[in-house]
Amino acid sequence: MAPNSLQLLLLVAMLPLCWAARPLDESSRAVSSENGAQEIHESSNVFATSDNYTRRVLSGCGTGNPIDDCWRCDPHWRSNRQGLADCAVGFGKNAIGGKNGAIYVVTDDTDHDVIDPAPGTLRYGALQTEPLWIIFSRNMNIKLKNELIVNSFKTIDGRGVNVHIAGGASLTIQHVNNVIIHGVHIHDIKQTGPAVIRGSPDHFGDRGKADGDAISIYGSHDIWIDHNFLSQCADGLVDVTEASTAVTISNNYFTKHDKVMLLGGHPKDSFDKGMQVTVAFNHFGEGLVERIPRCRFGYFHIVNNFYSPWLMYAIGGSEGPTVNSEGNFFMAGTFKEVTKRIQDDGSSIDGWEKWNWRSVGDVFQDGAFFTDSGSTGGGNFYAKATSFSARPAALVASMTNDAGPLML
C-alpha cells in the first residue's frame with residue numbers, strides 16, 4: 001500500500017459534500033402516546049425490504065431520547081460530525097471512536113482485495129492504526145468479500161447517505177477498543193472464510209470461518225453500536241463475547257431474524273462475569289424470534305426499548321446474569337412471557353430463582369409478562385447493571401420512532 005495514499009484520500013474531506021435534507025411531511029407525523037405505541041410504529045412506514053430500506057418521517061430532536069437530543073438539535077452537525085462521540089450513554093458512553101482523528105472518505109464501494117485493499121475503500125480505512133472518522137461520499141451498497149476487521153479508534157458514520165453492507169461478509173471488532181458503528185444498514189450477511197485477510201497496515205494472516213453475524217464483538221471494550229438497521233443474517237445480528245465489556249447497543253432497528261443478540265458466548269466462559277452491556281432505545285420489530293437479548297454471566301441494562309411481538313421469547317439468559325429491565329414497552333403476540341431461563345450446562349448456577357432479574361417501570365401489552373427472580377429491590381444488587389436513568393415507558397414510542405439509520 002502506497003504510504004501517501006491515505007494522506008491524499010484525507011484531502012477529499014476538505015471538499016464540500018452536499019446532502020439533500022429530507023422534508024418533513026407534517027400530515028403523516030405520528031403523535032406519541034403510551035397506548036398508541038403500535039399505531040405509531042405501524043404508521044411510520046419504516047421498512048420496505050432489506051434491499052430497499054425506506055426511512056419514515058423523522059421526529060426531529062427533542063423527543064426525550066438523550067442520544068439524539070445531544071446531536072440532532074444542532075443544525076450544524078454536519079460540520080461537527082465528531083461531536084457524536086460526546087453523545088453516547090450507558091456502559092459504552094466512553095467510546096470515542098475516531099474522535100480527534102482525520103476524516104476518511106469512502107469513495108469506492110468495492111472490496112476486491114482483502115490483503116491489499118485499495119485506498120478509498122471501507123476496508124482500507126477500517127484497518128488503519130490511527131484514529132479515523134470514516135464517512136461516505138455517496139449512497140453505497142458494499143458487498144464485503146471477507147469479514148471486515150475494524151481497528152481501534154474508528155467511527156463508521158453513515159449519516160447523510162444511504163449505506164448498505166449486504167450480501168457478503170460481516171464486521172468484526174476483535175481485541176480492540178473505541179469503535180463506533182453508526183447509521184448503516186447491515187443485512188443478508190453470509191458465512192465466509194476461511195481466508196487470508198489483512199487486519200492492519202503491517203499484518204495479514206489466516207482467519208477461520210466467520211459465522212455470518214452482522215457485527216461480532218470479541219474481547220473488546222468501549223464499543224457503541226447506534227442507529228443501524230440489522231436483519232436477516234446467517235447467524236446473529238450482534239454478538240458480544242470473549243470478555244468484551246463497556247458496550248452500548250442503542251437506537252437500532254432489528255427485524256426479520258431468529259437469534260438477535262448474544263451477550264456472552266459459552267457456558268464455560270466465566271471470564272464474562274465482568275461483562276457490562278447497555279441495550280437502549282432500540283426498536284425490536286416484526287419477525288424476531290429469540291435472544292432479544294440472550295445474556296450470560298454479566299450485567300445487562302435493558303432500558304427504554306420498544307418490543308414488537310416476539311416468536312419465542314424476548315429476554316433470555318443462563319449462568320446467573322444480572323438483568324435490569326427498565327422502562328421498556330413490551331407488546332406480546334402468541335408468546336406472552338418476556339423472559340426465559342435457558343438450560344445449557346451452566347444454567348443451574350445458584351438456581352435460577354436466585355438470579356437477579358427485575359422489571360421496573362416496564363409497560364406490558366396484550367398479556368405480556370416478565371418473571372422476576374432473585375432480589376427485585378434496589379441497593380447494590382443492580383448497581384452494576386444500571387448505566388443511566390431510565391425514562392418513563394410512556395415516552396418509548398417517541399424515543400424509538402427514529403431507530404435505525406437516519407436519512408437526514
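Out of the strands (runs of 3 or more DSSP E) lying entirely within the stretch 105-181, which hold 3 or more residues that are among the aliphatic types (A, V, I, L, M)?
So the answer is 132-136, 163-166.
Quick check, is E319 farther than 17 Å from E290 by Cα, touching a helix residue (DSSP H, G or I) at 6+ places or on another chain (Cβ under 9 Å), touching a residue at least 60 places away in the same chain (Cβ under 8 Å) and among the acidic types (D, E)?
So E319 does not fit the description; no.
Just a yes or no: is a residue in the stretch 371-379 surrounded by fewer than 24 Cβ atoms within 10 Å (Cβ to Cβ), modelled with pLDDT of 95 or more and within 29 Å of S231 (Cβ to Cβ)?
Yes, that holds for at least one residue.
Among the hydrophobic types (A, V, I, L, M, F, W, C), on the phi < 0 side of the Ramachandran plot and either assigned to a loop (DSSP other than H, G, I, E, B) or touching a helix residue (DSSP H, G or I) at 6+ places or on another chain (Cβ under 7 Å) (or both): is that true of F300 in this structure?
It is true that F300 is among the hydrophobic types (A, V, I, L, M, F, W, C), on the phi < 0 side of the Ramachandran plot and either assigned to a loop (DSSP other than H, G, I, E, B) or touching a helix residue (DSSP H, G or I) at 6+ places or on another chain (Cβ under 7 Å) (or both).
Restricting to the stretch 328-372, and then to whatever is among the aromatic types (F, W, Y) and touching a Lys or Arg at 6+ places or on another chain (Cβ under 8 Å), can you tell me which residue is farthest from A393 (Cα to Cα)? Spell out how you get there, then give the answer.
Within the stretch 328-372, the subset among the aromatic types (F, W, Y) is 329-330, 335, 352, 355, 357, 364, 369-370.
Pick out the ones that are also touching a Lys or Arg at 6+ places or on another chain (Cβ under 8 Å) and you get 352, 355, 369.
Numbers: W352: 27, W355: 24, F369: 15 Å.
Here the residue is W352.
Considering H257, H283, which residue is under 18 Å from D239 (Cα atoms) and touching a residue at least 60 places away in the same chain (Cβ under 8 Å)?
Matching residue, one of H257, H283: H283.
Looking at E130, E147, which is the one that is within 24 Å of K209 (Cβ to Cβ), of a type in the set (D, E, K, R) and at pLDDT 95 or above?
Checking each option against the conditions leaves just E147.
Return the pair list, or none, for Cβ contacts closer than 7 Å from residues in the stretch 381-397 that are under 16 Å from K273 (Cβ atoms) and touching a residue at least 40 places away in the same chain (Cβ under 8 Å) to residues that are crowded, with 21+ Cβ neighbours inside 10 Å and hydroxyl-bearing (S, T, Y), at least 6 apart or on different chains.
Listed pairs, sorted by first residue: Y382/T322; K384/Y299; K384/T322; A385/Y299; A385/T322.
Quickly run through the stretch 234-254 and pick out the residues that are surrounded by 24 or more Cβ atoms within 10 Å (Cβ to Cβ), in a loop (DSSP other than H, G, I, E, B) and aliphatic (A, V, I, L, M).
Across the stretch 234-254, the qualifying residue is only L237.
If only one of G265, G317 is among the small types (G, A, S), in a strand (DSSP E or B) and over 19 Å from I181 (Cα atoms), which one is it?
Just one listed residue meets the conditions, G317.
Tell me yes or no: at least one residue of the stretch 91-112 is more than 28 Å from K145 (Cβ to Cβ) and at pLDDT below 90.
no
Do the conditions hold for R358, that is, is it surrounded by 17 or more Cβ atoms within 10 Å (Cβ to Cβ), at pLDDT 95 or above, basic (K, R) and within 21 Å of the chain's Cα centre (by Cα)?
no
Looking at the stretch 101-125 only, could you name the residues that are surrounded by fewer than 23 Cβ atoms within 10 Å (Cβ to Cβ) and of a type outside the set (V, I, T)?
Result: G101, A102, D108, D109, D111, H112, D113, D116, A118, P119, G120.
I'm checking my understanding of the structure. Among residues of the stretch 273-284 that are buried (at least 24 other Cβ atoms within 10 Å of the Cβ) and either of a type in the set (A, V, I, L, M, F, W, C) or outside any strand (DSSP E or B) (or both), which one is farthest from the chain's Cα centre (by Cα)?
The residue in question is M275.
How many residues does the stretch 256-273 hold that are within 21 Å of E326 (Cβ to Cβ) and of a type outside the set (A, V, I, L, M, F, W, C)?
Residues flagged as within 21 Å of E326 (Cβ to Cβ) and of a type outside the set (A, V, I, L, M, F, W, C) within the stretch 256-273 amount to 1.
Looking at (1) at positive phi; (2) free of Cβ contacts under 8 Å to residues at least 24 places away in the same chain; (3) not charged (D, E, K, R), which one does G160 not meet, given that it meets all the others?
Of everything listed in (1) at positive phi; (2) free of Cβ contacts under 8 Å to residues at least 24 places away in the same chain; (3) not charged (D, E, K, R), G160 misses just condition (2).
The values are calculated or read from the model by the stated rules, or taken from the named source; none is laboratory data. Computed from a predicted structure; not experimentally measured. Neighbour counts are summed over all protein chains in view; Cβ atoms, including those assigned to glycine, are modelled from backbone coordinates with ideal geometry.
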